[in-house]
Amino acid sequence: MSKFYITTPIYYVNDEPHIGHAYTTIVGDVLARYHRQKGDDVFYLTGIDEHGAKIAESAKEHNMDTQKFCDQTAAKFMNAWQALDISNDFFIRTTNKDHKDVVSKIFQTLHDKGLLEEKEYEGLYCVGCEKFLTERDLVDGKCLDHKREPDTLKEKNWFFKLEQFLPKIQELIESDTIQILPVTRKNEVLGLLKENVMKDFSVSRQKTSVAWGVDLPFDDNQVSYVWVDALSNYITAIGYPDDMDKFKKWWPADLHLLAQDILKFHAIYWPAFLLALDLPLPKTLFIHGFFTINGEKMSKTIGNVIKPQELIDKYGVDATRYLLLSQFPFGQESDIREDHFVERYNADLANGYGNAVARVTTLIEKNNLQIVINKETTWIDSLAKDYNNYRFDLVIKNIMSKLQELDGYITTNEPWKIEDEKKLVEVLSHSANELWLISQGLLPFMPNIAQQVLDILEAKQIKKAPPLFPRLVDNANDAN
Ligand SMILES: [Zn+2]
């Protein structure tokens, strides 16, 4: 049995989770469930990043105590993941006392090792982005994402001596000791390292400019700046440094999932912090692209932000997970076409899987047949290749072609017309075994309904399945 430690980024938001967060979290969940199904020991971590000026500012706008505001956001995320059946083993919050204590210890260690130095910092700081921007990030002097002019911040704070770690990090990435996928992202990081643009960087802020953070143990006037605090969640969540047995069981991470905008921090800063702490490095980083919704950038102004609950209300939990992951290859810039959801739902789930389950179980019950499920898993094992390439769309495609084969088999053999019982048992036994395999394949994507079907098939006497996926009316197409 091997272990599998997988993380999503901790989401930095002062709002509700949207479809982008949901997508990454479902991907993590599918992988976690797939590995559990294989018999691996899995730890799946997700959570939220709660510090920084933006959060404090939002709390103020809402006239709320900052911690209460964070509690409210955390609850929204935890509820959303529960509604989507996310099987995370822990939900980390960076305002957890345990987390903050460890971040403080990490700062002390970096300080003791002489890896921090006080320097004058000046920069253009966007509160919305929670980071310093360069001139080239600005359009008409404004942050492109937040349509606001950045503040000029000048202050004395603590810099982390990043540069001394860069040659080692370059070597580790070139040799795939830290594997960065897709390979275009690896090249992007190596490009940054070769351009020599990565410099020692500031890891703290004066309390006068950002008060909402982790206190530094050696400087009363400073708090931790977002990245040391945020990235450390991956190790504080699994016991570092107080429960080293637990920590050693899970660390290093087998897979960090993240979006492209935080690539630099995960591929360069994070390994540097770990090297500084003499800790092993994560094995793989998988970076996905941004999403558009029906061809447009997701934005509150356009009003096209989709909340996961809206999809759950319409399609159900399992179908929502399935529809999101079947649309496009993971990792690419992707357009979520909600207008294709109904068509796909009806084709794959209502008329496809749901219908096949109904036909087969109805005939078995009607003829009162004893069917044995062999639980022969060679075909399931064949899905590993696409899982290993993070091609969930292809895993689903494979499962759906098996379903189509079964549909063809049923249509050809017309079991409802068969009078010879031996022949009928043969046809329905083959069909039930195929459905068992298809359900095993679908289990990581549709944990409720696939399990329900497995329970029906594995029962002593197979009973007719209840309707699993009611057909939906395709408003978009009917209107045309
Ligand atoms: Zn900004």
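The values are calculated or read from the model by the stated rules, or taken from the named source; none is laboratory data. Values in this document were obtained by computation on a predicted structure and should not be read as measured data. Virtual Cβ from ideal backbone geometry, glycine too; neighbours counted across all protein chains shown. Surface areas here come from the heavy atoms of the whole protein model, side chains and all, with no ligands, DNA or RNA. Shrake-Rupley method; radii C 1.70, N 1.55, O 1.52, S 1.80 Å.
Enumerate the pairs (first residue in segment 140-152 and more than 7 Å from the ligand (Cβ to nearest atom); second residue anywhere and of a type in the set (Asp, Glu) and part of a loop (DSSP other than H, G, I, E, B)) with beta-carbon separation below 8 Å, excluding pairs fewer than 6 apart on the same chain, so at least 6 apart or on different chains.
Note: pairs meeting the criteria are Gly141/Glu149; Lys142/Glu149.
Among the residues in segment 461-470, are any in a loop (DSSP other than H, G, I, E, B), at pLDDT below 95, farther than 13 Å from Leu403 by Cβ and among the basic types (Lys, Arg)?
No, because not a single residue in segment 461-470 is in a loop (DSSP other than H, G, I, E, B), at pLDDT below 95, farther than 13 Å from Leu403 by Cβ and among the basic types (Lys, Arg).
Yes/no matrix, rows are residues, columns are (1) touching a Ser or Thr at 6+ places or on another chain (Cβ under 9 Å); (2) of a type in the set (S, T, N, Q):
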residue	(1), (2)
Met1	no, no
Gln37	no, yes
Ile48	yes, no
Phe69	yes, no
Asp89	no, no
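Consider Glu57 carefully, then state whether it is among the acidic types (Asp, Glu) and on the phi > 0 side of the Ramachandran plot.
When the stated conditions are applied, Glu57 does not pass them.
Are any residues in segment 18-51 within 30 Å of Ser209 (Cα to Cα) and of a type in the set (Ser, Thr, Tyr), and if so, which ones?
Thr46
Scan segment 323-334 and tell me whether some residue there is open to solvent by 10 Å² or more (accessible area, probe 1.4 Å) and under 30 Å from Ala358 (Cβ atoms).
yes
If I ask for residues that are more than 9 Å from the ligand (Cβ to nearest atom) and touching a helix residue (DSSP H, G or I) at 6+ places or on another chain (Cβ under 7 Å), which ones from segment 116-130 would you list?
Leu116
Residue check: is Gly213 on the phi > 0 side of the Ramachandran plot and either touching a strand residue (DSSP E or B) at 6+ places or on another chain (Cβ under 9 Å) or at pLDDT 95 or above (or both)?
Judged against the criteria, Gly213 is not a match.
In the list Gly47, Gly28, which residue meets the criterion of being small (Gly, Ala, Ser), within 23 Å of Lys249 (Cα to Cα) and assigned to a strand (DSSP E or B)?
Checking each option against the conditions leaves just Gly47.
Can you tell me which condition Asn157 does not meet? The list is (1) within 14 Å of the ligand (Cβ to nearest atom); (2) in a strand (DSSP E or B); (3) out of contact with any Leu (no Cβ under 7 Å at 6 or more places or on another chain), and all the others hold.
Every listed condition holds for Asn157 apart from (1).
Somewhere in segment 108-115, is a residue surrounded by 19 or more Cβ atoms within 10 Å (Cβ to Cβ), without any contact (Cβ under 8 Å) to a residue 60 or more places away in the chain, closer than 25 Å to Trp270 by Cβ and more than 16 Å from the ligand (Cβ to nearest atom)?
For segment 108-115, residues surrounded by 19 or more Cβ atoms within 10 Å (Cβ to Cβ), without any contact (Cβ under 8 Å) to a residue 60 or more places away in the chain, closer than 25 Å to Trp270 by Cβ and more than 16 Å from the ligand (Cβ to nearest atom): absent.
Is it true that some residue in segment 71-91 is within 30 Å of Asp278 (Cα to Cα), open to solvent by 40 Å² or more (accessible area, probe 1.4 Å) and touching a Gly at 6+ places or on another chain (Cβ under 9 Å)?
Checking segment 71-91: at least one residue is within 30 Å of Asp278 (Cα to Cα), open to solvent by 40 Å² or more (accessible area, probe 1.4 Å) and touching a Gly at 6+ places or on another chain (Cβ under 9 Å).
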